[in-house]
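Chemist: I have a structure here, written as structure tokens, and I will follow up with some questions on it.
The values are calculated or read from the model by the stated rules, or taken from the named source; none is laboratory data. Owing to the predicted nature of the structure, the values given are computational and were not obtained by experimental measurement. Here Cβ is always computed from backbone atoms with ideal geometry, including for glycine, and neighbour counts include all displayed protein chains. Protein only, heavy atoms only, side chains kept; ligands, DNA and RNA dropped before computing areas. Shrake-Rupley method; radii C 1.70, N 1.55, O 1.52, S 1.80 Å.
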Amino acid sequence: MLKMKVVYVLLIVECILFFSGCASDQNVTKAPLWVMEPDTVYPGEIYLNGVGEGSDRRTAESQAIAALGRSILQTVETAARASQQFDAVDETISAQNSFESTVYTSSRIDDIAGARIKEIWIDADGRVYALAQLNRDESGHLYKSRIDKNTAVINSQIQFADSKGVSFESLMALRQAVVLAEQNRVYMSVLAGINNNLYRIVDLPYVSAGAVRTLMQRMQEELPVAVSVSGDPSERISTALSTVFAGIGLKTIEDVTSAPLILAADFSVVPIEGGTKYKYVRFVLNVSLTEQSTGKELLSFSRNGREAHVTQNEAKERAIRTAEELITSELSKALKNLQLSAE
């Protein structure tokens with residue numbers, strides 16, 4: 001009798017272990033429904049979902065964000081082609097490409113406002129699955145808020161430029177307006193994919209990024225720069241300066257009397273006595289950008305240094321090359337970063 005009881009106990013224990021093992025295996029191997037059908041668990045009319053997988057959590061999350069981005073892009077394409085609200089549908093599709101580039105190059109959750117990692121699941125083989133998600137209404141309002149703030153600044157900068165007329169200040173204001181309008185172009189594209197109802201009620205008084213860029217380009221055409229350089233017989237310094245201004249959309253002319261902007265520069269290279277094996281020279285470069293109508297100096301740029309070579313002529317050649325490089329890099333950067341007060 002005792003032996004039979006022991007056998008029963010062992011059978012019961014084995015059954016418990018067997019079914020317990022089956023349940024454990026089922027929990028490990030059976031994927032949650034959101035892995036294959038996320039919209040079934042989280043309704044697509046409320047949420048936008050993206051599922052990704054990888055050998056580790058970081059990879060799975062990045063893939064999930066990329067998948068979320070693709071979901072937005074697919075909706076953007078449909079919304080942009082169907083939209084009759086704006087006459088710049090091509091701009092919206094172009095912005096879609098900008099957003100696509102952002103998502104695929106970084107695949108960060110920060111790139112999509114309101115996105116978060118909602119679920120993580122690891123299968124029996126250690127494969128990681130992630131669900132990236134955003135609430136269409138919440139995220140849509142985030143993007144609309146960004147657009148509205150940018151729009152207020154864009155309108156302000158356009159009005160400022162209009163009040164100042166043809167001036168460098170006006171150009172800087174329009175440059176900032178273009179940057180923000182391009183940013184809004186991307187935001188509008190994403191908003192179309194997230195919440196098309198909010199997208200349709202956005203008001204853009206400036207019409208489009210292309211319209212703002214046209215205003216800036218017209219201002220550039222009316223703001224030629226007269227370049228005058230002393231100590232530049234080979235005109236290499238003049239050429240470098242003209243190239244830099246062309247890089248910010250301003251053409252250069254020789255007629256100082258008719259130019260709104262005057263760029264005056266002087267360049268000198270002088271020998272340094274005392275070298276035996278090498279010949280040394282010192283160079284000095286001074287550049288000043290002035291607005292002719294007001295006499296206001298907009299930019300002052302000064303650099304100096306010394307160069308050496310086995311011959312005086314080669315040392316001078318090095319000095320000229322160094323000055324060209326300083327103009328191309330440092331002066332160019334100073335011009336691009338130049339922001340005047342729009343008050």
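Chemist: Could you tally the net charge around Leu171, taking each other residue with its Cβ under 15 Å from the Cβ of Leu171, Lys/Arg +1 and Asp/Glu -1?
Modeler: +2
Chemist: Turning to a different aspect of this structure: Through the Karplus equation 6.51 cos²θ - 1.76 cosθ + 1.60, θ set to phi - 60°, convert the phi angles of the range 162-175 into ³J(HN,Hα) values in whole Hz; use x for Gly and Pro.
Modeler: With the stated coefficients, the range 162-175 comes to 5, 6, 8, x, 6, 7, 5, 4, 4, 4, 5, 5, 5, 4 Hz.
Chemist: Okay, moving on. Give the lysines whose C-alpha is closer than 19 Å to that of Lys30, dropping any in the same chain fewer than 8 places away, or say none.
Modeler: Lys118
Chemist: Also, quick follow-up: Can you list the lysines whose alpha carbon is less than 25 Å from that of Lys296, not counting same-chain residues fewer than 8 positions off?
Modeler: Partners found: Lys164, Lys251, Lys333, Lys336.
Chemist: Could you pull the accessible area for Tyr278 with a 1.4 Å probe, rounded to 10 Å²?
Modeler: Using a 1.4 Å probe on the heavy atoms, I get roughly 100 Å².
Chemist: Would you report the distance distribution of C-alpha pairs in the range 210-332 as whole percents per 5 angstrom bin, up to the bin with the largest distance?
Modeler: 2, 11, 19, 20, 16, 12, 8, 6, 4, 2, 1, 0, 0
Chemist: Give me the distance in nm between label points sitting 7 Å out from Cα along the Cα-to-Cβ direction at Lys30 and Asp137, one decimal.
Modeler: Between Lys30 and Asp137, the simple spin-label model gives 3.3 nm.
Chemist: So how much slack lies between Asn337 and Ile46, counting 0.36 nm per residue of separation and subtracting their Cα-Cα distance, in nm?
Modeler: 100.5 nm
Chemist: May I pose another question? Which order do you get for Ile120, Ile112 if you rank them by accessible area with a 1.4 Å probe, largest at the top?
Modeler: Ile120, Ile112
Chemist: Let me ask something else. For the range 108-259, what is the convex hull volume of the alpha-carbon atoms per residue, in Å³?
Modeler: So the per-residue Cα hull volume is 151 Å³.
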